[in-house]
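Participant: Below: one structure in structure tokens.
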There are 2 protein chains.
Amino acid sequence: MGTRERRAREFQQREEQMLDLATDLLLEQGRDAITMERLAEKSEYAKGTLYKHFSCREDLLCALTTRRMAEISMLLQRARQYPGGSRARLLATLIAYEYYAHSHPEEFRLLIALVSGPLSDRASPEHWHKLEQAQEQLFQVLRELFGEAREAGDLPELPMDPDPLSFGLWSLVFGSYVLGNADPALCRRAGIASLESQLHGMMHVVLDGAGWHPLSHECDYAAVIEDIHAFVRTQLPETAQPEAP
Amino acid sequence: MGTRERRAREFQQREEQMLDLATDLLLEQGRDAITMERLAEKSEYAKGTLYKHFSCREDLLCALTTRRMAEISMLLQRARQYPGGSRARLLATLIAYEYYAHSHPEEFRLLIALVSGPLSDRASPEHWHKLEQAQEQLFQVLRELFGEAREAGDLPELPMDPDPLSFGLWSLVFGSYVLGNADPALCRRAGIASLESQLHGMMHVVLDGAGWHPLSHECDYAAVIEDIHAFVRTQLPETAQPEAP
DNA sequence: TCATTTTATGACGCAACGTCACAGTCTAGG
DNA sequence: CCTAGACTGTGACGTTGCGTCATAAAATGA
């Protein structure tokens with residue numbers, strides 16, 4: 001008899017619902033509104049039931065973060081399809097990331113606060129593991145782009161291993177958002193008009209430094225970026241709207 | 001008569017004491033122990049008195065963060081004195097930063113969690129302003145290094161404005177620590193033995209990309225870094241120990 | 001139908017936040 | 001030296017949110 005399976009499936013579905021509702025809560029009332037109490041009320045389940053799914057508040061937040069990361073992963077996967085050279089495709093993923101940050105400001109702000117925060121200590125092993133997987137999947141996109149670039153011969157003289165370099169790129173992007181978000185005034189003082197243009201500039205520097213061809217003086221990347229924007233805008237928007245499947 | 005001034009001074013001193021005690025709390029019992037209740041108890045003042053100094057918990061944390069940043073600023077200022085070329089001096093500040101992160105793990109972890117968190121919304125304007133100043137002062141170190149490099153002719157063909165580039169460098173370092181801290185497993189999977197070597201590698205890439213001479217193939221930076229380590233270890237340790245004046 | 005297992009509940013205890021009316025202390029002018 | 005008034009310190013209080021657990025309800029299947 002499939003009773004157990006059915007139960008497990010329903011349980012999973014309910015968990016997804018809970019996460020949907022938590023996101024609603026975030027969008028309607030801000031991040032402070034994501035409490036076990038309010039989610040219980042909103043979901044019309046009792047608190048005890050909530051705790052069947054999430055071992056503690058951080059566990060819920062961990063699951064929420066996993067969701068956001070998965071959404072971003074999907075976005076990057078599609079952005080990677082941009083028809084262009086390997087370096088242009090890398091830029092496309094960056095721009096898709098920016099696109100997400102821009103079109104989901106609340107979710108993104110929460111994401112960066114949570115990733116930098118103390119989730120790992122308190123989340124349940126299960127949800128934490130899923131978060132790590134999601135993170136790995138995101139990282140995988142960069143890894144693959146490096147692989148493709150090497151195969152295509154666009155990375156003839158890599159000065160360091162590709163994985164640490166990927167990690168560095170990601171750190172740069174993520175760190176910029178963290179700092180830019182933490183203190184917009186600092187950005188202003190640093191003469192940064194927009195984090196996007198800032199990141200594009202840094203990308204040129206880093207990718208040139210890594211010898212990723214075509215180098216910025218060999219190609220009109222301003223035009224490429226313009227084109228990628230059009231691509232992202234036209235090809236990706238539906239993924240950017242979080243929806244249940 | 002100077003009654004007012006004396007009072008104000010005593011008030012300031014007490015605030016410093018409170019921050020000392022909050023740091024003790026952090027080191028003794030972890031970051032969760034930094035609560036208004038416990039700090040009140042530890043300081044032997046009532047809660048109400050605490051709230052004369054800090055408008056809310058975040059305000060206290062903001063002030064704590066400012067302290068840490070000021071400590072780091074001092075450290076970087078001194079590291080900048082490293083006798084070497086402009087690029088070596090920049091590396092020296094980076095290594096001093098790493099040194100701080102390494103020798104004050106708890107404080108540093110708290111710092112990154114707080115900077116990425118929601119302090120700006122809730123801290124009082126006064127303490128927030130001080131934090132911004134501390135951040136600016138830190139940033140200033142980078143700014144000046146760029147200025148010196150340009151004067152020395154080590155940066156002949158800067159591909160972007162120095163301030164955004166400084167911001168980018170800082171983002172890279174900070175972001176690496178945030179991510180490395182959030183998920184050490186990811187680092188392991190990315191083949192990163194230590195964040196330090198990782199950052200040194202990235203620095204070579206970025207600074208080469210920015211055309212900061214001598215380029216990494218023009219100079220034995222491994223030896224330079226070794227020498228800087230010795231310099232930092234011998235010249236800077238006392239600043240690294242937080243002490244009341 | 002009913003015994004058993006599984007699931008849902010929400011009152012409860014606890015910790016921490018931030019407030020405020022009051023009590024205590026200090027100052028300055030007489 | 002005294003006292004009115006200003007300033008400072010206090011901690012009980014109300015509130016919110018976390019996480020638990022004994023108990024009630026529902027589902028299962030024999």
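Participant: Do you know which residues across region B:200-211 are surrounded by fewer than 23 Cβ atoms within 10 Å (Cβ to Cβ) and more than 7 Å from every other protein chain (Cβ to nearest Cβ)?
Facilitator: B:HIS200, B:GLY211
Participant: Given (1) under 24 Å from B:PHE139 (Cβ atoms); (2) facing another protein chain (nearest Cβ under 7 Å); (3) not in a helix (DSSP H, G or I), identify the lone condition not met by A:ALA193.
Facilitator: (2)
Participant: Within region B:140-149, identify whether any single residue is within 10 Å of chain A (Cβ to nearest Cβ), crowded, with 20+ Cβ neighbours inside 10 Å and touching a residue at least 40 places away in the same chain (Cβ under 8 Å), and answer yes or no.
Facilitator: Within region B:140-149, one or more residues are within 10 Å of chain A (Cβ to nearest Cβ), crowded, with 20+ Cβ neighbours inside 10 Å and touching a residue at least 40 places away in the same chain (Cβ under 8 Å).
Participant: Right, A:ILE34: within 14 Å of chain B (Cβ to nearest Cβ) and either open to solvent by 10 Å² or more (accessible area, probe 1.4 Å) or within 25 Å of A:TRP170 (Cα to Cα) (or both) or not?
Facilitator: no
Participant: Now for a separate question. Is it true that A:GLU136 is away from chain B (no Cβ under 14 Å), part of a helix (DSSP H, G or I) and of a type outside the set (A, V, I, L, M)?
Facilitator: Spelling it out, it is not the case that A:GLU136 is away from chain B (no Cβ under 14 Å), part of a helix (DSSP H, G or I) and of a type outside the set (A, V, I, L, M).
Participant: I'm trying to understand the selection: among the residues of region B:152-170, which are at the interface with chain A (Cβ under 8 Å from one of its Cβ atoms) and surrounded by fewer than 24 Cβ atoms within 10 Å (Cβ to Cβ)?
Facilitator: Residues satisfying the conditions are B:PRO159, B:MET160, B:ASP161, B:ASP163, B:PRO164, B:SER166, B:TRP170.
Participant: Next question, about the same structure. Can you name the residue in region B:1-27 that is among the polar types (S, T, N, Q) and surrounded by fewer than 13 Cβ atoms within 10 Å (Cβ to Cβ) and, of all such residues, is nearest to B:LYS52 (Cα to Cα)?
Facilitator: Going through the qualifying residues, I end up with B:GLN12.
Participant: Can you tell me how many residues within region B:171-183 are at pLDDT 95 or above and either out of contact with any Leu (no Cβ under 9 Å at 6 or more places or on another chain) or at the interface with chain A (Cβ under 7 Å from one of its Cβ atoms) (or both)?
Facilitator: So the count comes out to 7.
Participant: Scanning region A:37-59 for residues that are more than 14 Å from chain B (Cβ to nearest Cβ), of a type outside the set (Asp, Glu) and outside any helix (DSSP H, G or I), which turns out farthest from DNA strand D (Cβ to nearest atom)?
Facilitator: Filtering region A:37-59 for residues that are more than 14 Å from chain B (Cβ to nearest Cβ), of a type outside the set (Asp, Glu) and outside any helix (DSSP H, G or I), the one farthest from DNA strand D (Cβ to nearest atom) comes out as A:TYR45.
Participant: Within region B:116-131, does at least one residue satisfy the condition of being under 30 Å from B:ALA210 (Cα atoms), acidic (Asp, Glu), away from chain A (no Cβ under 12 Å) and open to solvent by 10 Å² or more (accessible area, probe 1.4 Å)?
Facilitator: The answer is no; no qualifying residue exists.
Participant: Among all residue pairs at least 6 apart or on different chains, which show Cβ distances below 8 Å where the first residue, located in region A:87-99, is acidic (Asp, Glu) and the second is open to solvent by less than 10 Å² (accessible area, probe 1.4 Å)?
Facilitator: A:GLU98/A:LEU199
The values are calculated or read from the model by the stated rules, or taken from the named source; none is laboratory data. Computed from a predicted structure; not experimentally measured. Using ideal geometry, Cβ is built from the backbone for each residue, glycine included, and neighbour counts are taken over all protein chains shown. Surface areas here come from the heavy atoms of the whole protein model, side chains and all, with no ligands, DNA or RNA. Shrake-Rupley method; radii C 1.70, N 1.55, O 1.52, S 1.80 Å.
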